[in-house]
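The structure under discussion appears below in the form of structure tokens.
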Amino acid sequence: MRIAVEDLVVSFSGRAVVCGVDVVAEPGEIVGLVGPNGSGKTTVLRTIYRHLRPAAGRVLLDGRDIRKLNPSRAARHVAALPQERGTDFELSVREVVAMGRTPYKRAFSGDDTSDRDIIATALEQVGMVDHGGRPFSALSGGERQRVLLARALAQQPDVLVLDEPTNHLDMRHQIELLALLRAQRRTTVITLHDLNAAASLCDRLHVLRDGVVVASGAPRVVLTVDLLAEVFGVHAAVVEHPLTGDPLIAFDHNTPAESATIS
Amino acid sequence: MSSTPTTAVRREHSTVVVGARSTVVALLLTVALLVGLVLGVSVGSTFVPPGQVWSIVAGHLLGRAPAPGTPDLIVWQLRVPRALLAAVVGAGLGLVGSAVQALVRNPLADPYLLGVSSGASLGAVAVIVLGAGTGGLLGLGLSTGAFLGALGAFALVWALARRGNGFSPLRLVLTGVGIGQFLAGLTSYLVLRTSDEQQTRGVLFWLMGSLNGAQWSVVVLPAVAVVLGFVVLQARARALNALLVGDETAAGLGVDVTRLRRELLVVTSVLTGVLVAVSGAIGFVGLMVPHVCRLVVGGDHRRLLPISALAGAVLLVVVDILARIALDQQEVPIGVVTALIGAPTLLYLLDRRLERS
């Protein structure tokens, strides 16, 4: 499915934090939102999964306004992995993943065989199939993140919306998760702090600053030395990755961008 | 992929185990409830053998003319309604406790957290002390006063905790606690104003919680309310699970979080108001029962809500028997017994759980 964010404006108590953002993800495309803290990435995602109501603009799912769909119906098409972790609740891993079936179920109905298969498949995809009976609260941060992703996969969505899914994951699990997303070939909108991960995963990037998209396009086109200095305030070189050929950003960890340009 | 068959077997196995376990627990609790109800009717100042209890109850249920006399009066007019009221109030408190803990996403929440019971207490005490009602102690005037007080407190919390259309868990808790304290202050002031010792005792009994007012006419309304409340909450069991992870997750799963919180707030407050109106604020049941049940059947609300209701019913039926027979001449307020039993049990269970994890 195609998802299109059109001229989106979101404001909190009168102050616009996102002002006129357009984002398009074609079917099967992985689109990344990158930008410094507070640039409005998460806010854009939150309107896509209907946690926030836009002040103006629309989110279109195959041309239909997502606000006009009934919430359960929308949740069958769009699954989200927000950053929240919840408090310690006594649910098993399998029960957490079973939540993904919520939009498909009527009141009082239990999980049937096909639900259980979907749940098991989702657990298998994130490598947690042997942990279904464990309490969620006993998992490590990385394991929790993978279980929550399995919950989103169990929603069988056409569009995945992921807010910093690699947070708290060690290097190996980060890479496994990115490989999993690539293999899914599902329409995906994702925020990532790790620009190298974004450059390798995403078909297209939108760079946000202060609630506005300042650059869009293929990672190779967007991630330039000038943009990194101006938007992210970092001094870096962009080279070709020796193994993959993706753009590789080599950060200068000694000098911030301003002092580098002054000198 | 060669491991698929084994995984499938293991998966089926553990799903079955969890499901079977909660079925067994539900059956055990149902049996315990029936036994408790019969014992509750048998035991008291005059002992009526369980066999006789059965025949009297069966006689009434089957519409056969009961043998008139004292046993019939004691069993059918006094003890059966009282045992049933204990079960209904216990079930309601267990149910509301589980729901409120999900509503404010806080395991320390209980049905009285949002100030409803303080409003009920103020209403009841006002009736006793100011003599606004003509009904006797725990009579109709008192329950009406309590329910009106509960509604008043609920209206205050609703008005003050609201932001736009929504209620954040934190605002709800803070507002509820604040209003609860304020109303408790007013209640204390009313109690201090009275010099009548009999009245003061009556007030204390009410504040502790008591099932003294049980009659058939008193049982019906809370029973209907608990059944309706259960149906409404059970229909939202999956949404309650989603709410545990967070509002954003719930929204992403197609739950209208704002509306859900509003519905939960209304259902739990009205139910609490009805329960407190007939029995006073019986403490610890609404806090302890959901915790114990989570330890046994887990936190999935599809199982937790019915099990909490059953367990709450069993607990209060048993505790009411203890409250009636503990002292020779006098009945102990049931809230005193729930606190004395409940607090250590809760601490023990939580401690065991901490050690396990």
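Entry remark, segment B:56-77: residues being touching a residue at least 24 places away in the same chain (Cβ under 8 Å) and β-branched (Val, Ile, Thr) number 3 in total. Looking only at residues of segment A:24-39 that are open to solvent by less than 10 Å² (accessible area, probe 1.4 Å) and closer than 18 Å to A:His193 by Cβ, we find that the one that is farthest from the chain's Cα centre (by Cα) is A:Ser39. Only one of the listed residues (A:Arg94, A:Arg76) is open to solvent by 60 Å² or more (accessible area, probe 1.4 Å), in the same structural domain as A:Leu162 (by TED's automatic domain parsing) and assigned to a helix (DSSP H, G or I). That residue is A:Arg76. Taking segment A:53-73 as the search range and keeping residues that are more than 16 Å from B:Val257 (Cβ to Cβ) and open to solvent by 40 Å² or more (accessible area, probe 1.4 Å), which one is nearest to the other protein chains (Cβ to nearest Cβ)? Only one residue fits best here, namely A:Arg73. Looking only at residues of segment B:185-207 that are under 18 Å from B:Ser118 (Cα atoms) and of a type in the set (S, T, N, Q), we find that the one that is least open to solvent (accessible area, probe 1.4 Å) is B:Thr187. Within segment B:31-55, residues that are at negative phi sit with their Cβ atoms under 8 Å from residues that are part of a loop (DSSP other than H, G, I, E, B) and open to solvent by less than 40 Å² (accessible area, probe 1.4 Å), at 6+ positions apart or across chains, in these pairs: B:Val41/B:Val48; B:Ser42/B:Val48. Residues that are touching a Gly at 6+ places or on another chain (Cβ under 6 Å) and in contact (Cβ under 8 Å) with a residue 24 or more places away in the chain number at least 2 in the following strands (runs of 3 or more DSSP E) confined to segment A:13-61: A:15-25.
Among the residues in segment A:118-139, are any out of contact with any Cys (no Cβ under 8 Å at 6 or more places or on another chain), more than 7 Å from chain B (Cβ to nearest Cβ) and part of a strand (DSSP E or B)? The answer is yes; a qualifying residue exists. Listed by position, the helices (runs of 4 or more DSSP H) contained in segment B:198-263 that have at least 2 residues being free of Cβ contacts under 8 Å to residues at least 60 places away in the same chain and away from every other protein chain (no Cβ under 14 Å) are B:216-234. Listed by first and then second residue, the pairs linking a residue in segment B:144-169 that is in a loop (DSSP other than H, G, I, E, B) to a residue that is surrounded by fewer than 17 Cβ atoms within 10 Å (Cβ to Cβ), with Cβ atoms under 6 Å apart and 6 or more places separating them unless they lie on different chains, are B:Asn165/B:Thr258. In segment A:5-20, is there at least one residue being in the same structural domain as A:Glu164 (by TED's automatic domain parsing), hydroxyl-bearing (Ser, Thr, Tyr) and either surrounded by 21 or more Cβ atoms within 10 Å (Cβ to Cβ) or within 20 Å of A:Cys202 (Cβ to Cβ) (or both)? No, every residue in segment A:5-20 fails to be in the same structural domain as A:Glu164 (by TED's automatic domain parsing), hydroxyl-bearing (Ser, Thr, Tyr) and either surrounded by 21 or more Cβ atoms within 10 Å (Cβ to Cβ) or within 20 Å of A:Cys202 (Cβ to Cβ) (or both).
The values are calculated or read from the model by the stated rules, or taken from the named source; none is laboratory data. None of the values given here were measured: they were computed from a predicted structure. Quick reminder, even Gly has a Cβ in these numbers, built from the backbone with ideal geometry, and neighbours come from all protein chains shown. Surface accessibility is based on the protein's heavy atoms, side chains included, excluding ligands, DNA and RNA. Shrake-Rupley method; radii C 1.70, N 1.55, O 1.52, S 1.80 Å.
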